[in-house]
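Take a look at the structure set out below.
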Amino acid sequence: RTGIGLITTGRHRTITKEIYDMIITANSDFVPHPEADCIGVCVDITPPKTLDSSFGAKEKFKAVFETEVIRDDGRPFLVWSPPFTQSLHEKSGFRGFIRSWFGQDLTEKELNGGFDTEALIGRTARLSVIHVGHNGNIYANIGLIRPQSPDDPPLPSTGNYIRVKDRERDQNLRKSGD
């Protein structure tokens, strides 16, 4: 286990990683997820990446959801959570996100023993996807996450999404010639 999927309430771990930056220009063919109330399945918890904030550089990660909304090319849309710090503090964004997603707070065992984010992969949620404009671009954001209703049909992942950590490993293997 690399420890990348484990968040503890104690000191943060230093994790070596290589992250891909994606720049989308106004001329891009990128189509954001449409605004919708839909079901999504978590397909990735990205490795932490150093991002600048008003409090200085922070290690942050995102959850990636594949949704039931289908693109023109037949693939499902993807939507990303806001970036989260690796904290389970009661005021942390990630803990609030999980509380909304699960419909309840984490257990004492999860809070004291650490919460394995790998357990989120394959878990479904009901998402409200909203559009936010910034610098002339439109971004699809998760405006609300909540538990999937028992009346909703299950949504398995298509298996087409390649997790960021697996892309990194594959790229490193290609570089080394293995």
Measuring from its Cα centre, segment 23-178 shows a charge dipole (+1 at each Lys and Arg Cβ, -1 at each Asp and Glu Cβ) which, in debye to the nearest 20, is 420
Carbon/sulfur fraction of accessible area - segment 43-166, other protein chains in place, 1.4 Å, % | 52
Can you pull the one-decimal nm distance between simple spin-label points at Ser53 and Ser92, each 7 Å off the Cα toward Cβ?
-> 1.0
Difference of contour (0.36 nm per residue) and Cα-Cα distance, Ile138 to Asp166 = 7.3 nm
Once His89, His33, His131 are ranked on solvent-accessible area with the largest value leading and a 1.4 Å probe, the list reads His89, His131, His33
Vicinal HN-Hα couplings computed from phi for segment 66-74 (Karplus, 6.51 cos²θ - 1.76 cosθ + 1.60; Hz; Gly/Pro x) = 9, 10, 6, 7, 9, 6, 4, 8, x
Check Gly143: other-chain or 5+ apart residues with amide H under 5 Å from its amide H, H built from backbone geometry?
-> Ser128, Val129, Ile130
Ignoring ligands, DNA and RNA, what accessible area per residue does segment 45-178 give at 1.4 Å, in Å²?
-> 59
Assuming a ≥ b ≥ c are the square roots of the Cα gyration tensor eigenvalues, decide whether segment 37-178 counts as rounded (a/c under 1.5), prolate (otherwise, with a/b larger than b/c) or oblate.
-> rounded
Rank Leu144, Leu111 by accessible area, highest first, at a 1.4 Å probe radius?
-> Leu144, Leu111
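The values are calculated or read from the model by the stated rules, or taken from the named source; none is laboratory data. Quick caveat, the model's predicted, so the values are computed rather than measured. Positions of Cβ are backbone-derived with ideal geometry, glycine not excepted, and every protein chain shown enters the neighbour counts. Protein only, heavy atoms only, side chains kept; ligands, DNA and RNA dropped before computing areas. Shrake-Rupley method; radii C 1.70, N 1.55, O 1.52, S 1.80 Å.
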